[in-house]
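Written below as structure tokens is the structure these notes are about.
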Amino acid sequence: MEFIHEYMPLIMFTFVFGLLLFGYPVAFTIGGVAMVFGLLNFGTGFFGLLPLRIWGTMTNFTLLAVPLFIYMGVMLEKSGLAEELLETMGLVFARIRGGLAVSVVFVGALMGASTGIVGATVVTMGLLSVPTMLKRRYSKPLTTGTVAASGTLGQIIPPSIVLVLLGDIMNVPVGDLFIGAVIPGLILVCLYMIYILIIAQVRPEWAPPVPKEELDQISKKELYTRVFKALIPPLTLMIAVLGSIFAGIASPTEAASVGAVGATTLTVLHKKFSYKILKEVMKTTTNLTCMVFIILVGATTLGLVFRGLDGDALVRGLINALPFGKWGILFIVMSIIFIAGFFLDFIEITFIHVPVLAPIMISMGVNPLWLAVLIAVNLQTSFLTPPFGFSLFYLKGVCPPEVRTMDIYKGIIPFVIIQLIGLGIICLYPESVTWLPRLLLGE
């Protein structure tokens, strides 16, 4: 009986994963299992502690940034900004082989820095880019892989909701995380573009250039004007949101409110704003925010029971008993998160795995800022890895009928490998995360 009690935290986690894999709702599974195990082990006294923990979570000022960034992303989706950007950047890069795919990565990075909402970015770019790229005789795997991967850049390029959640869970200032994630985000963008340019040379039939006579129909002056008009709105919004954080003028929560107002203003200027649009945006924001916070309440309950059962001490003991050094254990932790991404959403991993694994690594002397960005890059792959990669589902839902699920799976494999290469670079060079915050904040 003592043996069962000692390993009760692992039994509880086994129940959680089993029910999730059977398709039960995440929030109610996490919270429900935690409530049952809490009552079995602590009795009704458990309910005396729980409200205080939930109240502390729900009154956290930092988390107010979540609904504001969601609102900003959904409103920008309605503004028509992505459509204009894709068309214009497609013309800018059209003269090089693979240029259309490079433009999709470029726009994905800009949209990621403007919205941070993966679903909205993937759906928007899928609707606009996939038909155009297929019409230009791009291969289906390269087309779908590029769009799916580019749409997930909002997970690491700030402002990112996952960085807000990680900052709160790991007690790392969100502003520092935003600054620290800039260079890793740019590393991934560059790796994506390099891969596309190489594959376009190796397999020229996969990415044919736009015919020269078609490009000659647009004058240089007209092209410069279109580029200027397309780039100014998202760059202005990025400077307003990220610039105010980096300059120390506003906290991430305050900057999120600036972004929400800025996104609304851009929608008005594009003459897309209406009462119907506002109602749709508010409804979507409310639904997504409720989903995040219900999962957060369930995860808070799970964390309370897990620590009450000395689960953190058990996991720490198991990991410390491994015959590896700090780097070996970091590899194991990253592998656990990566494998979990095949089956779970990034929010579930953030609230279930990170509170357990991150404190162990931090206690071993790992820089929490560097670790948080590493986890964020790792979590980005959870959107891309079959069978439950959400970006793949989003993209399949908007692709033309001739694009098969297998085309999407084939296309995404090189980009998952690129993600892992990027993760390796950030592991080997921690300065890629810590240098910019040190420069700007003197830390």
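Every read-out reported here was derived from the displayed coordinates using simple, explicitly stated rules and does not represent laboratory data. Keep in mind it's a predicted model, so treat the numbers as computed, not measured. For neighbour counting, all protein chains shown are included, and Cβ atoms are generated from backbone atoms with ideal geometry for every residue, glycine included.
About its Cα centre, the stretch 287-436 has a charge dipole of approximately 120 debye under the convention of +1 per Lys or Arg Cβ and -1 per Asp or Glu Cβ, with nothing else charged.
Is there a pair in 212/410; 78/229; 135/410; 272/396 whose C-alpha atoms are over 25 Å apart, and which pairs would that be?
Details: 212/410 31 Å; 78/229 18 Å; 135/410 20 Å; 272/396 27 Å.
Violating the 25 Å limit, Cα to Cα: 212/410; 272/396.
Compared with the dominant Cα axis of the chain, that is its longest principal axis, helix 220-238 is turned about 20°. Dipole magnitude for the stretch 235-325: computed about the Cα centre from +1 point charges on Lys and Arg Cβ and -1 point charges on Asp and Glu Cβ, it is near 460 debye.
Given the -39500 (n - 2.57) contribution per DSSP H run of 4+ residues, what per-residue ellipticity at 222 nm results for the chain, rounded to the nearest 500 deg cm²/dmol?
On the way: 24 runs with 333 residues, N = 443.
After summing the helix terms and dividing by residue count, I get -24000 deg cm²/dmol.
Rounded to the nearest 10 degrees, the angle from helix 8-21 to the longest Cα principal axis of the chain is 40 degrees.
Rounded to the nearest 20 debye, the dipole magnitude of the chain is 1120 debye, with +1 charges on Lys and Arg beta carbons, -1 on Asp and Glu beta carbons, and the Cα centre as origin.
Arrange 37, 246, 17 by Cβ neighbour counts within 10 Å, fewest through most, would you? The partial results should precede the final answer.
Details: 37 23, 246 20, 17 16.
Ordered from fewest to most neighbouring Cβ atoms within 10 Å, 37, 246, 17 come out as 17, 246, 37.
Can you tell me which of 130-139, 268-277 comes out highest on packing, and rank the rest after it, using the mean Cβ neighbours within 10 Å? All intermediate terms of the calculation are to be shown ahead of the outcome.
Working: 130-139: 17.1, 268-277: 12.4.
Ranking the peptides 130-139, 268-277 by packing returns 130-139, 268-277.
Roughly how tilted is helix 431-441, in degrees to the nearest 10 and between 0 and 90, from the longest Cα axis of the chain? Rounded to the nearest ten degrees, it is 90.
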